[in-house]
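S.K.: Would you mind keeping the following structure in view while I ask a few things?
Nothing in this text is a laboratory measurement; each read-out follows from the coordinates by a stated rule. What you see is a predicted model, and the numbers here were worked out from it, not measured in a lab. Cβ atoms come from the backbone with ideal geometry, glycine included; neighbour counts cover every protein chain shown.
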Amino acid sequence: MRDDHRFSIYWLGQTLSGFGDAFALVALPLLVLDATGSVTGMGLVTASGVAAQVVASLFSGRIVDRLDRRRTMIACDLGRAVAYGSFCLLALRGQLPLWAIYLTVVTGGALSNVFSVGTMTAVPSLVARDKLHNANAKLQGSLAIAYVLGALAAGAVTTLVGPLPAIAIDAGTFLASALSLATIRYGTPKQANAGRKAFGAGFRFLIDHRLLRSMTLVLVLLGLSGNIGVGAGITDLMIFHVKQELAESPRMVGLCVGITALGALVGAVVAPRMSRHLGSGTSFLIGNLVQAAGLLVIGCVPHVFAAAGGGLLWGAGMLLRSVPMHSLRQSLIPNELLGRVTALSWTAIFGGCAVGTAAMTRVAGQIGAGPTMIGIGIVVTVIGALAWAGPIRRSQEDVPPTAPATA
């Protein structure tokens, strides 16, 4: 019961933070589009944020595993609140050079990486191992709802008063997340292998584990296609496609992003059941194929309803993939190594994502966002088909018996 109470507080704080993130997800690309007028400029800003996550991931695993995890996450929340709040104050003074946008995105990206690694370690410290799938689904599902409401509200706010108030709301929700973390307690694991090199221990575990190694390779390839997460290249392409190519309003941009998040909610509801019946690896691979279908719909049918419907499929596929992926990592990796192994895999994944986002948005600047998403959809289909023959589909056999969480 005490664990359920701690997780509920944590769950609420992260949901509020996700609501604010949805504002920035819509507002920042529109702000960059207004400043640069090009999808390539949007891609470069997004890629710089992803690159900051790559650099941060070289250190974040050691930070999270060695320091108090809860206090580290609170510090990241406060740092992001200051970064985005300062950005808004600078803009209110009428001084918003492009370097300020890059600085904010880079700072936010680096702190987000450390926080995300902390999030990966927090859930297994708050719930028992046999509840990981449900806990991750609840967390991802509520975040999807928050993104639906946040994106719709952000589109309306941006249409009425511009993007800056939306970014200010994001800064405020980081404070709400920090407050929720300040009211709960969970421990940093004892360093059973303190004498081993931090990087070496995590690296050896990741390389030696066939399933984790295969999943990381697939995700790196997906990153190179720009198809990782809501903050990567696909989001930029969708926003540019709806705003510029389809000539729709910021309100419709928010609607499409919100429907994409609604698809993520559907995926979060379905993922635990699919994982139980078909296996976690099969759910992971099916999620990739559902995302590919969504991209093909958006690219092939130049209409805002197709963009919304394709976004729905893309969001659902993202959660069908990410819920079992998170649960498998948390189940398979020892708690004292969880931060380091997660950060190392994310170094490779986000590295590919930074390159892919910059490349795909540059291609879109030449041939258009629609044809680019068709190409990405085909690439994602091929990656999923090749991965189907590997060890990921048989991953259910690799999950160990349930055990109590380390608090």
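S.K.: Can you pull a Stokes-Einstein diffusion coefficient for the stretch 317-371 at 37 °C (0.692 mPa s), Rh from Kirkwood over Cα pairs, as a whole number of µm²/s?
M.R.: 244 µm²/s
S.K.: Apply the Kirkwood formula to the stretch 202-241: the hydrodynamic radius equals the inverse of the mean of 1/r over all pairs of different alpha-carbon atoms; give it in Å with one decimal.
M.R.: Taking every pair of different Cα atoms in the stretch 202-241, averaging 1/r and inverting gives 11.5 Å.
S.K.: Considering only F350, P324, G20, whose Cα is most displaced toward the positive end of the charge dipole of the chain, charges sitting on Cβ of Lys, Arg (+1) and Asp, Glu (-1)?
M.R.: P324
S.K.: Given Cβ point charges of +1 (Lys, Arg) and -1 (Asp, Glu) and nothing else, what value in debye, to the nearest 20, does the dipole of the chain about its Cα centre take?
M.R.: 1100 debye
S.K.: Compute the whole-percent fraction of alpha carbon pairs in the stretch 59-128 spaced more than 21 Å apart.
M.R.: More than 21 Å apart: 36 percent of the Cα pairs in the stretch 59-128.
S.K.: Computed on alpha carbon atoms, what radius of gyration and Dmax characterise the stretch 109-148, expressed in Å?
M.R.: That works out to 11.4, 32 Å for Rg and Dmax.
S.K.: Taking K and R as +1 and D and E as -1, what net charge do the other residues with C-beta under 11 Å from the C-beta of A122 add up to?
M.R.: Local charge sum for A122: +3.
S.K.: Roughly what percent of Cα-Cα pairs across the chain reach past 36 Å?
M.R.: Counting every Cα pair in the chain, those more than 36 Å apart make up 17 percent.
S.K.: Right, another one. Taking every Cα atom in the stretch 243-342, find the radius of gyration and the maximum pairwise distance Dmax, and write them in Å.
M.R.: Cα only, the stretch 243-342: 16.0, 51 Å (Rg, Dmax).
S.K.: Still on this structure: In the neighborhood of Q244, defined by Cβ-to-Cβ distances under 14 Å, what is the net charge if each Lys or Arg adds +1 and each Asp or Glu adds -1?
M.R.: Net charge in that neighbourhood comes out at -3.
S.K.: A further question follows. Cβ neighbours within 10 Å, averaged per peptide: list 99-106, 293-300 in order, most packed at the top.
M.R.: Per-residue Cβ counts within 10 Å, averaged per peptide and sorted highest first, yield 293-300, 99-106.
S.K.: Under the definition of Cα pairs under 8 Å and six or more residues apart, what whole-number percent is the relative contact order of the chain?
M.R.: 29 percent
S.K.: A further question follows. Normalised by the empirical 2.2 N^0.38 Å for globular proteins, what value does the Cα Rg of the stretch 1-145 take?
M.R.: Taking the Cα Rg and dividing by 2.2 N^0.38 Å, one obtains 1.16.
S.K.: On to the next question. Provide the net charge surrounding L319, with neighbours chosen by a C-beta distance below 13 Å and charges set as Lys +1, Arg +1, Asp -1, Glu -1.
M.R.: +3
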